[in-house]
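Handing you a structure now.
None of the figures in this text is laboratory data; all of them are computed from the coordinates on show. Source: prediction; values computed, not measured. Heads up, the Cβs are rebuilt from the backbone with ideal geometry, glycines too, and the neighbour counts pull from every protein chain shown.
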Number of protein chains: 2
Amino acid sequence: MTHAEPEKNDAAMPGTHRASIKDIARLAHVSHSTVSRALANSSLVNTETAERIRRLAEQAGYCPSAVARSLVTRSTRTIGVVVTNIADPFVAEVVEGIESAANDRDYSVFLANSNADPAREVKAVRSFHERRVDGIIVTASRVGAVYLPMLSEMRAPIVLVNNQHPSEFVHSVTIANFEAARDITRHLIEEGHSRIAYIGDQLGGQSDTERFEGYRAALDEAGVPFEAELAVRGNGRAEGGVDAACALLEIAAPPTAIFCYNDMTAIGALRAIHARHWRVPRDISLAGFDDLYLAQYTDPPLTTVRQPMREMGRIALDTLFALMRGATTPHSIKVPGQLVVRESTGPNTKEGLECSSYSFSPHRMAAK
Amino acid sequence: MTHAEPEKNDAAMPGTHRASIKDIARLAHVSHSTVSRALANSSLVNTETAERIRRLAEQAGYCPSAVARSLVTRSTRTIGVVVTNIADPFVAEVVEGIESAANDRDYSVFLANSNADPAREVKAVRSFHERRVDGIIVTASRVGAVYLPMLSEMRAPIVLVNNQHPSEFVHSVTIANFEAARDITRHLIEEGHSRIAYIGDQLGGQSDTERFEGYRAALDEAGVPFEAELAVRGNGRAEGGVDAACALLEIAAPPTAIFCYNDMTAIGALRAIHARHWRVPRDISLAGFDDLYLAQYTDPPLTTVRQPMREMGRIALDTLFALMRGATTPHSIKVPGQLVVRESTGPNTKEGLECSSYSFSPHRMAAK
DNA sequence: CTGAAAGCGCTTACAG
DNA sequence: CTGAAAGCGCTTACAG
């Protein structure tokens with residue numbers, strides 16, 4: 001009766017049964033409460049029995065059930081992250097920041113793609129709610145304000161990263177779109193450009209609006225007239241950049257500089273520009289937004305605005321934790337972007353708006 | 001007693017209390033079993049009462065607890081995905097495939113980064129096990145075989161995508177590294193190249209070994225001697241490609257073509273090549289592996305091997321489901337890569353190995 | 001220091 | 001069609 005051998009084997013090979021706290025209790029000849037305490041390293045249990053219990057649990061291959069624990073502790077130690085699409089490099093870097101910060105706190109993260117579909121976004125949030133996540137982060141939310149009423153009936157706080165919904169949301173971390181776009185446009189103006197195009201994102205989120213406004217503001221303050229034909233729409237991805245840049249290069253007096261909604265758009269624009277055998281920045285300057293890892297590796301390396309994506313992810317998670325701990329004050333954090341001047345922007349080589357003399361590119365001449 | 005108004009309000013505004021099945025039962029004057037059935041659309045319950053219950057639940061803002069349900073049904077409807085790093089575009093696309101397929105089946109996905117650290121990888125798998133995920137997918141596993149013993153004590157099946165561990169694992173989906181690398185090297189040989197370099201991945205996973213072997217095989221079958229100085233090591237990222245390509249361009253008789261472990265490496269190599277003012281493919285041909293979205297947007301667009309990343313993600317999930325449904329046969333799926341010839345590779349313009357005549361690049365001349 | 005008891009929020013035989 | 005009961009695997013007062 002005192003030798004635990006047969007019982008141990010019994011529990012170690014329970015056929016289809018997974019060892020629970022009760023099995024360990026039987027093995028150790030104690031109550032399951034004691035096992036629970038021992039496994040939680042509670043000081044309430046005798047050091048030696050605790051040791052023995054832990055050894056037994058180890059041998060039996062015991063693995064505690066987080067779901068059972070969650071049910072009683074009313075905390076799952078999980079957070080839900082809904083993104084537009086994880087294959088978007090911007091999103092992936094934000095998620096990396098979130099995951100890393102969550103991991104530091106021993107939290108697990110659920111990931112869901114909304115594909116920028118508001119219905120799927122809401123569905124994902126609902127699903128996370130059912131799963132009783134402790135908090136939710138949604139990047140580039142399309143519905144923002146919708147969460148206000150949900151917020152009260154859901155226990156889980158929500159933090160938005162780069163909310164795309166026009167109305168403000170209580171808890172959010174956002175890049176300073178207006179200022180950053182203004183800065184980069186100013187940079188272009190300082191380089192002598194006045195025919196500066198903007199390739200936006202036709203999904204028309206809030207960032208696009210704000211970046212466009214920043215661009216307009218820089219133009220206005222410099223007394224550069226805004227030309228509607230120079231403001232065109234991409235889709236936030238490279239294909240959109242290709243098409244939009246093609247259109248821009250077609251017009252009678254093409255721009256000498258292009259500011260793109262984001263780096264992916266700029267990468268597409270770069271492709272279109274190269275296809276025409278124009279040189280960057282000699283024939284045309286090009287600027288992006290985001291500072292993706294790739295922006296350093298385009299040819300030439302891309303002038304852009306750095307969004308600290310990983311940090312924004314971490315900040316979102318920190319905010320979420322503050323909220324989870326009971327904070328109720330609004331957390332609307334605006335992160336400054338940082339102008340990163342690389343080699344894709346340079347001085348305007350054309351005198352005045354119409355030039356006929358100084359051009360490196362035969363194709364460009366042909367286009368006139 | 002019959003008018004439910006006060007009680008309803010009572011449950012709708014429960015202060016800090018979240019409505020449970022019991023609250024709805026009280027509201028509907030039925031047992032909580034009936035509520036459970038009604039909410040599950042069981043045919044066992046009177047249509048009208050079911051309707052009423054559902055209405056009440058709706059009004060009360062009832063949201064079922066997936067964790068309670070999971071405890072009893074012994075299925076969480078979640079899967080765990082551990083990746084090296086979600087910011088790696090290859091990984092992100094695989095995860096997109098997994099998430100999309102999981103979503104189709106109403107499963108949620110946990111995401112964890114291992115940062116290619118075997119310890120973190122195992123820790124992530126353990127954590128998923130605690131969370132009682134129904135299945136686990138790990139991409140680029142560094143420990144592969146370690147899971148064999150875990151497999152029996154864990155309930156959750158494991159599927160490996162592009163296992164990097166030298167020993168085989170029971171359930172996996174892998175790209176046909178050897179064949180694909182051989183194909184792309186053959187392509188280079190057909191273009192007249194014989195000084196073909198390989199930039200590997202020094203983390204030295206299984207894919208690197210196999211791709212290197214494919215490269216060697218193509219060389220051998222064409223009777224092209226292998227030169228050790230042309231096989232150098234990158235790190236799978238652009239920086240590594242830059243450094244490795246720089247080294248390659250330094251040697252006395254530089255290669256006329258470079259095959260890179262992956263596209264990111266090629267993107268770095270491209271940068272180094274351009275920095276020297278060499279032209280691709282005129283001065284040197286360059287090939288990658290993966291066919292990242294970006295491979296179409298490099299300048300020139302990159303010749304590479306297409307890995308169907310999203311599909312591989314879906315296949316991994318399908319395999320996982322087969323296993324979850326009780327399949328026990330090994331599932332080692334080898335997916336063929338597909339050669340995608342773009343503009344970064346072209347005919348060798350040098351006659352013989354040593355050339356002194358025909359060169360477009362002044363820098364190249366200088367380098368000799 | 002230890003155990004018996006209650007309970008987290010559900011599902012599902014079992015008996016009417 | 002409905003309800004009472006048991007139980008999923010834990011944690012945590014409560015009483016010794």
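Please identify every one of the chymotrypsin sites (Phe, Trp or Tyr not before Pro) in the stretch A:179-250 that sits in a loop by DSSP and has no more than 15 other beta carbons within 10 Å of its own beta carbon.
Loop-located and lightly packed - A:Phe226.
Rounded, prolate or oblate: which fits chain A when a ≥ b ≥ c are the square roots of the eigenvalues of the alpha-carbon gyration tensor, with rounded for a/c under 1.5 and prolate only if a/b beats b/c?
Verdict is prolate for chain A.
Give me a single rounded figure for B:106-114: the average over its residues of other chain Cβ atoms within 10 Å of their Cβ. Walk me through the numbers on the way to the answer.
Numbers: counts 1, 1, 11, 5, 5, 11, 6, 6, 0.
What the average comes to for B:106-114 is 5.
Give me the percent relative contact order of the stretch B:80-210, please, defined on Cα pairs under 8 angstrom at least 6 residues apart.
So the answer I get is 20 percent.
What order do you get for B:39-45, B:69-75, A:294-300, B:285-291 when each peptide is scored by the mean count of other beta carbon atoms within 10 Å, highest first?
For the peptides B:39-45, B:69-75, A:294-300, B:285-291, the packing ranking is B:285-291, A:294-300, B:69-75, B:39-45.
Is it possible to state the helix-based mean residue ellipticity at 222 nm for chain B, with each DSSP H run of 4+ residues giving -39500 (n - 2.57), the sum divided by total residues, to the nearest 500 deg cm²/dmol? What is it?
So the helix-based figure for chain B works out to -13000 deg cm²/dmol.
Which order results if A:Arg77, A:Arg131 are arranged by neighbouring Cβ count within 10 Å, fewest first? Write down the numbers at each step before the final one.
On the way: A:Arg77 17, A:Arg131 21.
Exposure proxy ranking, most exposed first: A:Arg77, A:Arg131.
Can I ask one more? What is the set of long-range amide H partners of A:Val305 at a cut-off below 5 Å, with H atoms built 1.01 Å from backbone N?
Placed amide hydrogens put A:Gly288, A:Phe289, A:Asp290, A:Asp291, A:Val340 under 5 Å from A:Val305.
Further question: Loop only by DSSP, 16 or fewer other Cβ within 10 Å of the Cβ. Give me the GluC sites (Glu not before Pro) in the stretch A:168-238 that pass, ordered by residue number.
A:Glu168, A:Glu227
Related question: Which whole-number percentage describes the relative contact order of chain B, with Cα contacts under 8 Å and a sequence gap of 6 or more?
Numbers: 697 pairs, mean separation 54.5, N = 368.
Over chain B, the number comes to 15 percent.
Within 10 Å of each Cβ of A:52-63, how many other protein chain Cβ atoms are there on average? Could the numbers behind the result be given before it?
Working: counts 0, 0, 0, 0, 0, 0, 0, 0, 1, 5, 1, 7.
Mean shielding by partner chains, rounded to a whole number: 1.
Follow-up. Under the Karplus relation 6.51 cos²θ - 1.76 cosθ + 1.60, θ = phi - 60°, what is the ordered set of whole-Hz ³J(HN,Hα) values for the stretch B:122-128, x standing for Gly and Pro?
Using θ = phi - 60°, the values come out as 5, 4, 5, 4, 4, 4, 5 Hz.
Considering only the label points, 7 Å along Cα→Cβ from Cα, what distances in nm to one decimal separate B:Thr49 from the same position in each other copy, shortest first?
Label-point distances to the other copies, shortest first: 4.7 nm.
Each residue of the stretch A:80-92 in order: what ³J(HN,Hα) in whole Hz does its phi give by Karplus 6.51 cos²θ - 1.76 cosθ + 1.60, θ = phi - 60°, with x for Gly and Pro?
Using θ = phi - 60°, the values come out as x, 10, 10, 10, 5, 7, 5, 6, 6, x, 5, 4, 4 Hz.
Past 29 Å, Cα to Cα, is the threshold; run A:Lys350/B:Lys350; A:Lys22/B:Lys123; B:Lys123/B:Lys334; A:Lys334/B:Lys123 against it and keep the listed order.
Cα-Cα > 29 Å for A:Lys350/B:Lys350; A:Lys334/B:Lys123; rest within.
Suppose every K and R has +1 on its Cβ and every D and E has -1 on its Cβ; what is the size of the dipole of chain B about the Cα centre, in Debye to the nearest 20?
My answer is approximately 1140 debye.
Which of these, B:Ala244, B:Ala92, B:Ala50, has the largest mean-square fluctuation under a Gaussian network model of chain B (Cα springs below 10 Å)?
Of B:Ala244, B:Ala92, B:Ala50, the Gaussian network model singles out B:Ala50 as fluctuating most.
Also, quick follow-up: Largest first and in whole Å, what are the equivalent-ellipsoid semi-axes of the stretch B:183-309 based on the Cα gyration tensor, each being the root of 5 times an eigenvalue? Intermediate results must be reported in sequence, preceding the final value.
On the way: eigenvalues 67, 58, 42 Å².
Semi-axes from the Cα gyration tensor: 18, 17, 15 Å.
On to the next question. Just to confirm my numbers, what's the Cα centroid distance between the stretch B:278-332 and the stretch A:276-291 in Å?
30 Å
Work out how far the C-alpha atoms of the protein assembly as shown reach from end to end along every principal axis, then list the three figures in whole Å, largest first.
The Cα atoms of the protein assembly as shown stretch 91, 66, 50 Å along the principal axes, largest first.
Another question about this same structure. Can you sort A:Lys334, A:Lys350 so the residue with the fewest Cβ neighbours within 10 Å comes first?
Details: A:Lys334 13, A:Lys350 21.
Result, fewest neighbours first: A:Lys334, A:Lys350.
Sticking with this one: Looking at A:Thr78, A:Pro89, A:Gly234, which one has the Cα that reaches farthest to the positive end of the dipole of chain A (charges on Cβ: Lys, Arg +1; Asp, Glu -1)?
Sorting the options by dipole projection puts first A:Thr78.
The stretch B:40-67 to the stretch A:36-61: how many Å between their Cα centroids?
43 Å
Go through B:Ser36, B:Gly135, B:Ile196 and say which Cα lies farthest out towards the positive end of the charge dipole of chain B; charges sit on Cβ, +1 for Lys and Arg, -1 for Asp and Glu.
B:Ser36
What average number of partner chain Cβ atoms lie no more than 10 Å from the Cβ of the residues making up B:298-304?
For this peptide, the per-residue mean of nearby foreign Cβ atoms is 3.
Then there's this: What order do you get for A:Ser31, A:Ser100, B:Ser172 when you list them from fewest to most C-beta neighbours inside 10 Å? If you can, show how the numbers build up before the last one.
Numbers: A:Ser31 12, A:Ser100 18, B:Ser172 23.
Listing A:Ser31, A:Ser100, B:Ser172 from fewest to most nearby Cβ atoms yields A:Ser31, A:Ser100, B:Ser172.
Would you mind listing the distances between the B:Thr209 label point and the same position in each other copy? Use 7 Å along Cα-to-C-beta, nm, one decimal, shortest first.
Spelled out, the distances from B:Thr209's label point are 5.6 nm.
Measuring nothing but label to label, 7 Å from Cα along Cα→Cβ, what are B:Pro166's distances to the other copies in nm, shortest first?
Its label point is 6.3 nm from the equivalent points in the other copies.
Here's a follow-up. Using the alpha-carbon atoms, what tilt in degrees (0 to 90, nearest 10) does helix B:309-324 show relative to the longest principal axis of chain B?
Roughly 50 degrees, rounded to the nearest 10.
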